[in-house]
Structures are given as structure tokens and as C-alpha cells.
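The values are calculated or read from the model by the stated rules, or taken from the named source; none is laboratory data. Everything numeric in this text was worked out from a predicted model, so none of it was measured. FYI the Cβ positions are ideal-geometry reconstructions off the backbone, even for glycines, and counts take in every protein chain you see.
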Amino acid sequence: MLDVIADKGMKITMPKVGDTYTLGAAAFQILAPAGDYGDDLNNWSVGIRLSYKNIHLVMCGDAEKEAESDIVKYNKDLQADVLKAGHHGSSTSTSDELLDAVSPTYAVIQCGEDNSYGHPHKETLEKLERRGIQVFRTDQDGAIVADCDGSNITWIAKGEASSGNWSGDEAEIEAEGEAFAQSYVLNTNSKKFHLPSCRSVDDMKESNRQDVTENRDTLIEMGYAPCRQCSP
């Protein structure tokens, strides 16, 4: 990656705690790294709190307890609906201190099936269970999609095609929907499908436009090709 950056003459922007970056109507704030961790690369992970209207997500890469303690120390507002568990659910991360500050309704653990590290660790899973946090795991659920409209989160997981809608203080997980179903815009004339945010959608004739929530592979089987610009 560093070689590509150098070849293209691009500038590296160093993350600074408190800096905010916008993503359309959403924004994320830098939470970490907030200290000097020497050669401990895990603790140098960039942490962010992503916010869209009333929904917040905290993601801190492989940050472990030392870095998590600094995150709590140097950031005032950490409350979030979703926590991406640190370091693949290792017992070295997702400390009680961080969980107290974030107080998530959901946790997502990214780890490979039957991985040699034993992730996620039993201690972490028990800790999340004691707090009543709903857990999604890539080793069990496959790819996990969280679709957020600013007030609710809809979850789609490959393993059980489970969709959970959250509003206010209540969470309900029920089996429904098709795995990997997402929102796309079809151009019935060119037989291509686009992300709703694609610039091509604005130029599309209304008579050729069709909004769908569908599995990507199903659209391809129907004869539609993915747009080269937005790469859905």
C-alpha cells in the first residue's frame, strides 16, 4: 500500500484524535491511536466512531486493552449502538472499561471459521452475553450487512439470513429476508444494476429505472451486469 501511495504521489493524512470526516450525511470521528505504543502494532490501530443521525458505530481495529483505556480517557462521547469487537474477539480486547463507555446493543466479531487463534475467545463471548449484547460473528454468519436509515438498523447475515430491526431500546431478531439482499437500481434498458448512490442513477430515464432489494448474484442470473463506475 505504501508503495502505491508513493507511486501515485499521494499524501498520507495522519489520524488525530478528535478530527472528524464527513461521508455524505454521515460522519466519523477519530478515537485512536491516542498514545505511544512502541512496536505494538495492534494498539496503533485507527479507531473511529461513525455517526448517521441517531445511530452510532464504534470500530477500533485490533486495538487491545491499553489502547482501549486511552480511547476512554481521551474521548468524551463513546456511546454507540454497534461495537466492532477488537482484535477478532480476542480476550486481549473488548475490555469492561470500553464496554461501559460504549454500552452497545450489538457487537460484530470478524474472524475466520476454525481459525488457529481460537477467536473469538470464550472470555469475550461470556462478557458480551452477561451484558445482553446481541452478537454477530463472521465465522458463523458469513458476510454481515448492517443497513441503517439513521433511526433503525436492519441486519442481514449469510448464515441464517437473519434480520434484526432495532428502534429505541428494544431489539428483535427474527428469521426473514434473503441473505445478502441489498438495495440496487436497475437500468432496464442497458441491463445494468447500480448502487443508489451511483452518479449514473441521476442520468437515468425514469421509464428505465427500477428500484429493487435483491441478491447480487440473482441480478446477474437475471441478465443484469454490475455498473463499472460504482462496482456494486
Just wondering, is there one or more residues in segment 121-129 that are assigned to a strand (DSSP E or B) and basic (K, R)?
-> no
Which of the residues spanning segment 129-144 are of a type outside the set (D, E, K, R) and either in the same structural domain as P196 (by TED's automatic domain parsing) or more than 15 Å from D81 (Cα to Cα) (or both)?
-> T138, Q140, G142, A143, I144
Report yes if S103 is exposed (fewer than 15 other Cβ atoms within 10 Å of the Cβ), modelled with pLDDT of 95 or more and under 19 Å from the mean Cα position of the chain (by Cα), otherwise no.
-> yes
Which residues, counting only those in segment 1-51, are hydroxyl-bearing (S, T, Y), surrounded by 12 or more Cβ atoms within 10 Å (Cβ to Cβ) and under 19 Å from the mean Cα position of the chain (by Cα)?
-> Y21, S45, S51
Given the conditions (1) in contact with a strand residue (DSSP E or B) (Cβ under 7 Å, 6 or more places away or on another chain); (2) within 27 Å of R199 (Cβ to Cβ); (3) modelled with pLDDT under 90; (4) aliphatic (A, V, I, L, M), which single one is not true for A171?
-> (2)
Hey, L41 closer than 14 Å to S93 by Cβ and aliphatic (A, V, I, L, M) or not = yes
